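Presented below is the structure to which this report refers.
The values are calculated or read from the model by the stated rules, or taken from the named source; none is laboratory data. Every value quoted in this text rests on a predicted model; they were computed, and no experiment measured them. Neighbour counts run over all protein chains shown; Cβ positions are idealised from the backbone, glycine included. Heavy atoms of the whole protein, side chains included, go into the accessibility calculation; ligands, DNA and RNA do not. Shrake-Rupley method; radii C 1.70, N 1.55, O 1.52, S 1.80 Å.
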Amino acid sequence: MSNNKEKLFTEFTAPTTQEWLDKIQVDLKGADFQKRLVWRTNEGFNVQPFYRREDLKDLKAVDSLPGEFPFVRGNKKDNNLWFVRQDIKVDDAKAANAKALDILNKGVDSLGFKIPGKEVSKEFVATLLEGILPQYVELNFKTCQRHCVELAQTLVEYFKEKNYPLAELKGSINFDPISKILKKGKDVTPVLQDAKSLIEALAELPGYRCINVNSSLLNNAGAYIYQELGYALAWGAEYMNVLTEAGVEATEAAKRIKFNMGVSENYFMEIAKFRAARLLWAQIVKQYEPKCDCACQMHVCAITSEYNQTLFDSYVNLLRSQTETMSAAIANVDSIVVTPFDKPYEVPTEFAERIARNQQLLLKEEAHFDKLVDVAGGSYTIEHLTDAIAQEAWKLFLAVEEAGGFLCEALKGNIVNAVNASNDKRHADAAKRREFILGTNQFPNFTETSNGKEPQQCCCACGHEDGELPTLNKERLASEFETLRLSTEKAAKQPIAFMLTIGNLAMRQARAQFSCNFLAAAGYKVMDNLGFKTVEEGVDAALEAKADIVVICSSDDEYAEYAIPAFNYLAGRAMFVVAGAPACTDDLKAAGIENFIHVKSNQLGTLKEYNAKLGI
């Protein structure tokens with residue numbers, strides 16, 4: 001058998017990279033290789049259409065093993081188990097306890113409790129955790145930052161009274177004053193002095209992490225991947241400095257830090273992000289000279305993004321969160337929270353929460369993702385992406401450090417301003433359809449209505465007022481399109497957009513399809529047609545249909561023949577639009593035609609303009 005294998009391999013000569021490139025150039029038939037096949041990422045680097053072993057020869061981390069420094073291949077050696085986490089907002093301890101016990105029987109093995117600071121007490125915690133065995137469940141708590149030490153002391157006291165094995169318990173308390181600076185614009189740096197006291201309060205719970213880096217905030221504010229990672233590293237390094245300067249030993253400090261990171265829809269890039277995150281964090285912690293390499297492990301809870309979720313066609317959110325969950329699982333994170341698909345417009349229902357849980361359970365029970373240890377390792381593309389993202393994030397990390405550190409930059413507003421600038425850029429790209437939102441600015445559901453759905457307003461239960469610093473803009477990517485579409489729905493009459501298809505069959509069909517998708521994004525009723533013999537026939541049909549907008553769809557060459565007669569015959573009885581940007585555009589404009597839609601149009605701006613013209 002081995003002889004056959006040897007003979008088989010000797011019969012084939014491995015093609016060189018240049019031979020592959022030569023073949024591609026032939027297939028491209030003169031088209032530009034760089035424009036057609038090379039992808040320029042938002043992270044500032046190019047991604048080639050293929051990679052080979054030789055592209056990885058200088059990457060040192062490729063030779064590392066799972067469970068070994070620098071942990072690029074994961075913290076575990078023999079499995080990829082992660083905690084299936086669901087968060088619960090606690091308004092009533094007894095009701096939250098009942099919900100927790102219920103979902104623990106439905107596949108969850110990690111609970112997140114958000115507790116009002118004023119409710120932190122021994123009695124409240126005892127009621128909340130009644131019947132829950134913490135040695136089998138990861139428990140995570142979030143409360144007012146000024147009550148975190150009190151909560152830690154209460155938990156330790158409760159666990160000791162119950163005789164639970166303290167050394168075996170796993171969980172976290174979400175202490176992160178810096179996040180308040182970003183979210184609320186308020187300087188809360190005095191609260192940082194509680195960090196050491198919090199660690200001391202949890203001394204008997206070595207498995208509890210309590211200093212958190214909540215970079216999911218940045219993800220949900222539209223940060224690019226390299227930004228979230230670069231800032232997360234600087235954020236974590238800031239906490240390492242705070243702790244070690246307060247007298248906490250470096251090993252203990254590192255083992256108490258937890259990263260809550262977002263995960264967006266860019267499948268392979270997100271896999272690479274988490275791998276790069278472990279690699280870089282290990283290098284950072286190593287500089288503090290911890291007593292063991294295990295202190296260099298990054299503990300990550302991945303939370304699927306809210307930024308790309310939509311109110312319309314909301315079941316597409318399931319597709320988004322599923323690929324996001326797959327990215328996180330393949331990247332070997334420690335726990336995952338799947339955001340329910342209906343969160344943009346309502347408090348998640350029991351059905352939506354069940355689906356969110358099952359999205360993870362399917363990956364475990366059906367796809368066996370929990371059995372795979374760094375399945376992405378050795379993939380030439382993902383190894384390259386890991387290195388490239390690491391380089392860009394490292395540049396940002398160093399820039400923040402040179403500027404005085406994450407806290408200093410946060411207090412100056414520079415972190416928020418940079419992320420908000422990215423959010424603005426992404427909204428602008430979505431408006432021009434350079435960034436697609438399936439079901440919103442690309443392939444909207446023509447017949448869908450909101451049925452009373454309204455965007456959920458962000459609220460904070462802490463009761464503190466916003467400060468004077470700039471705050472993160474958490475407007476979802478689809479928010480402006482949704483506002484536009486909701487305003488159309490509330491109009492006295494739903495506008496009708498009629499496709500006047502004429503001339504070249506292929507071009508009229510293509511442009512009609514494009515125009516229907518373009519205009520349906522505003523909530524217009526679109527009417528496609530097979531074709532008309534004359535423009536007069538088409539205009540008459542449009543008027544009979546009570547069209548508010550008539551879109552002529554033909555080829556560029558034929559617009560010189562059809563557009564002006566159609567416009568003149570319509571005589572202002574409806575808005576007239578040309579689908580395309582033909583060479584005769586100037587002539588058409590000279591004749592009074594002013595509306596054109598094409599692939600370079602600002603879709604959002606155009607639709608807002610049309611709504612204004614229609615009196616909406």
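Looking only at the stretch 263-291, which residues are part of a loop (DSSP other than H, G, I, E, B), open to solvent by 40 Å² or more (accessible area, probe 1.4 Å) and more than 20 Å from Glu383 (Cα to Cα)? Before you say what the answer is, go through the steps one by one.
Going residue by residue through the stretch 263-291, those that are part of a loop (DSSP other than H, G, I, E, B) are 264-266, 287-291.
Restricting the remaining residues to those that are open to solvent by 40 Å² or more (accessible area, probe 1.4 Å) gives 265-266, 287-289, 291.
Listed by number, the residues that qualify are Gln287, Tyr288, Glu289, Lys291.
Hey, any hits in the stretch 408-422 for a residue that's farther than 30 Å from Gln457 by Cβ and hydrophobic (A, V, I, L, M, F, W, C)? Write out each step before concluding.
If we filter the stretch 408-422 for residues that are farther than 30 Å from Gln457 by Cβ, which is where we start, we get 408.
This time we only want the ones that are hydrophobic (A, V, I, L, M, F, W, C), so: 408.
Yes, the stretch 408-422 contains a residue that is farther than 30 Å from Gln457 by Cβ and hydrophobic (A, V, I, L, M, F, W, C).
Residues that are closer than 26 Å to Trp39 by Cβ, assigned to a loop (DSSP other than H, G, I, E, B), of a type outside the set (A, V, I, L, M) and within 22 Å of the chain's Cα centre (by Cα): does the stretch 410-433 have at least one? First the steps, then the outcome.
Narrowing the stretch 410-433 to residues closer than 26 Å to Trp39 by Cβ: 418-433.
Pick out the ones that are also assigned to a loop (DSSP other than H, G, I, E, B) and you get 432-433.
With of a type outside the set (A, V, I, L, M) added as a condition, the list becomes 432-433.
Filter once more, so that each one left must be within 22 Å of the chain's Cα centre (by Cα): 432-433.
Yes, because at least one residue in the stretch 410-433 is closer than 26 Å to Trp39 by Cβ, assigned to a loop (DSSP other than H, G, I, E, B), of a type outside the set (A, V, I, L, M) and within 22 Å of the chain's Cα centre (by Cα).
Take the stretch 473-487 and flag every residue that is open to solvent by less than 20 Å² (accessible area, probe 1.4 Å) and touching a helix residue (DSSP H, G or I) at 6+ places or on another chain (Cβ under 7 Å).
Leu477, Phe481, Leu484
Working carefully through the options Lys106, Lys160, Lys142, find the one that is more than 22 Å from Arg256 (Cβ to Cβ), open to solvent by 50 Å² or more (accessible area, probe 1.4 Å) and of a type in the set (Lys, Arg).
Details: Lys160 fails: more than 22 Å from Arg256 (Cβ to Cβ); Lys142 fails: more than 22 Å from Arg256 (Cβ to Cβ).
Result: Lys106 is the single residue among Lys106, Lys160, Lys142 that is more than 22 Å from Arg256 (Cβ to Cβ), open to solvent by 50 Å² or more (accessible area, probe 1.4 Å) and of a type in the set (Lys, Arg).
Has the stretch 567-587 got at least one residue that is among the hydroxyl-bearing types (Ser, Thr, Tyr) and farther than 16 Å from Ile502 by Cα?
Start the filter on the stretch 567-587 by keeping residues that are among the hydroxyl-bearing types (Ser, Thr, Tyr), which leaves 569, 585.
So of that shortlist, the ones also farther than 16 Å from Ile502 by Cα come out as 585.
Yes, the stretch 567-587 contains at least one residue that is among the hydroxyl-bearing types (Ser, Thr, Tyr) and farther than 16 Å from Ile502 by Cα.
Test Glu123 against the criterion of being free of Cβ contacts under 8 Å to residues at least 24 places away in the same chain and either open to solvent by less than 10 Å² (accessible area, probe 1.4 Å) or part of a helix (DSSP H, G or I) (or both), and give yes or no.
Numbers: free of Cβ contacts under 8 Å to residues at least 24 places away in the same chain: yes; either open to solvent by less than 10 Å² (accessible area, probe 1.4 Å) or part of a helix (DSSP H, G or I) (or both): yes.
Judged against the criteria, Glu123 is a match.
Filter the stretch 26-43 down to residues that are part of a loop (DSSP other than H, G, I, E, B), of a type outside the set (Ser, Thr, Tyr) and within 32 Å of the chain's Cα centre (by Cα) and give me whichever is surrounded by the most Cβ atoms within 10 Å (Cβ to Cβ).
Within the stretch 26-43, the first condition is being part of a loop (DSSP other than H, G, I, E, B), and the residues that meet it are 29-32, 38, 41-43.
Now narrow it down to the ones that are of a type outside the set (Ser, Thr, Tyr): 29-32, 38, 42-43.
Now drop any that are not within 32 Å of the chain's Cα centre (by Cα), which leaves 32, 38, 42-43.
Numbers: Asp32: 9, Val38: 12, Asn42: 17, Glu43: 23.
Result: Glu43.
Looking only at residues in the stretch 308-326 that are surrounded by 24 or more Cβ atoms within 10 Å (Cβ to Cβ) and outside any helix (DSSP H, G or I), which one is nearest to the chain's Cα centre (by Cα)?
Selected residue: Asn308.
Kindly establish whether Asp32 is without any contact (Cβ under 8 Å) to a residue 60 or more places away in the chain and more than 30 Å from Phe159 (Cα to Cα).
Values: without any contact (Cβ under 8 Å) to a residue 60 or more places away in the chain: yes; more than 30 Å from Phe159 (Cα to Cα): yes.
It is true that Asp32 is without any contact (Cβ under 8 Å) to a residue 60 or more places away in the chain and more than 30 Å from Phe159 (Cα to Cα).
Surrounded by 16 or more Cβ atoms within 10 Å (Cβ to Cβ), under 36 Å from the mean Cα position of the chain (by Cα) and on the phi < 0 side of the Ramachandran plot: does that describe Ala520? Don't jump to the end; show me each part of the working.
Values: surrounded by 16 or more Cβ atoms within 10 Å (Cβ to Cβ): yes; under 36 Å from the mean Cα position of the chain (by Cα): yes; on the phi < 0 side of the Ramachandran plot: yes.
Yes.
Any chance the stretch 185-200 includes a residue that's touching a residue at least 24 places away in the same chain (Cβ under 8 Å), farther than 28 Å from Asp109 by Cα, open to solvent by less than 30 Å² (accessible area, probe 1.4 Å) and touching a Ser or Thr at 6+ places or on another chain (Cβ under 7 Å)?
We begin by selecting, within the stretch 185-200, every residue touching a residue at least 24 places away in the same chain (Cβ under 8 Å); these are 185-189, 191-199.
Still in the list and also farther than 28 Å from Asp109 by Cα: 185-189, 191-194, 196-197.
Keeping just the survivors that are open to solvent by less than 30 Å² (accessible area, probe 1.4 Å) gives 185, 188, 191-192.
Now restrict to residues that are touching a Ser or Thr at 6+ places or on another chain (Cβ under 7 Å): 185.
Within the stretch 185-200, one or more residues are touching a residue at least 24 places away in the same chain (Cβ under 8 Å), farther than 28 Å from Asp109 by Cα, open to solvent by less than 30 Å² (accessible area, probe 1.4 Å) and touching a Ser or Thr at 6+ places or on another chain (Cβ under 7 Å).
If I ask for residues that are in a helix (DSSP H, G or I), open to solvent by 20 Å² or more (accessible area, probe 1.4 Å) and of a type in the set (Asp, Glu), which ones from the stretch 356-389 would you list?
Residues satisfying the conditions are Glu365, Asp387.
Within the stretch 488-517, take every residue that is surrounded by fewer than 23 Cβ atoms within 10 Å (Cβ to Cβ) and among the β-branched types (Val, Ile, Thr) and give me the one that is nearest to Phe446 (Cα to Cα).
Ile496
Has the stretch 530-539 got any residue that is touching a Phe, Trp or Tyr at 6+ places or on another chain (Cβ under 6 Å), hydrophobic (A, V, I, L, M, F, W, C) and buried (at least 17 other Cβ atoms within 10 Å of the Cβ)? Write out each step before concluding.
If we filter the stretch 530-539 for residues that are touching a Phe, Trp or Tyr at 6+ places or on another chain (Cβ under 6 Å), which is where we start, we get 535-536, 538-539.
Applying the additional criterion that residues be hydrophobic (A, V, I, L, M, F, W, C) yields 535, 539.
Going one step further and asking which of them are buried (at least 17 other Cβ atoms within 10 Å of the Cβ), we end up with 535, 539.
Scanning the stretch 530-539, I find at least one residue that is touching a Phe, Trp or Tyr at 6+ places or on another chain (Cβ under 6 Å), hydrophobic (A, V, I, L, M, F, W, C) and buried (at least 17 other Cβ atoms within 10 Å of the Cβ), so the answer is yes.
Here's a check for you: in the stretch 327-355, which residue that is in a helix (DSSP H, G or I) and of a type in the set (A, V, I, L, M, F, W, C) is surrounded by the most Cβ atoms within 10 Å (Cβ to Cβ)? Outline the logic, then answer.
The first filter runs over the stretch 327-355 and keeps only residues in a helix (DSSP H, G or I), leaving 327-330, 350-355.
Narrowing further to those that are of a type in the set (A, V, I, L, M, F, W, C): 328-330, 351-352, 355.
Numbers: Ala328: 31, Ala329: 24, Ile330: 22, Phe351: 11, Ala352: 20, Ile355: 20.
Only one residue tops the list, namely Ala328.
I'd like the full set of residues that are touching a residue at least 40 places away in the same chain (Cβ under 8 Å) and either open to solvent by 30 Å² or more (accessible area, probe 1.4 Å) or among the hydrophobic types (A, V, I, L, M, F, W, C) (or both), limited to the stretch 405-419.
Phe406, Leu407, Ala410, Leu411, Ile415, Val416, Asn417, Ala418, Val419
Under 7 Å between Cβ atoms, which residue pairs at least 6 apart in sequence (or on different chains) link something in the stretch 208-231 that is over 22 Å from Cys144 (Cα atoms) and of a type in the set (Phe, Trp, Tyr) with a partner that is in a loop (DSSP other than H, G, I, E, B) and at pLDDT 95 or above?
Tyr231/Ser215
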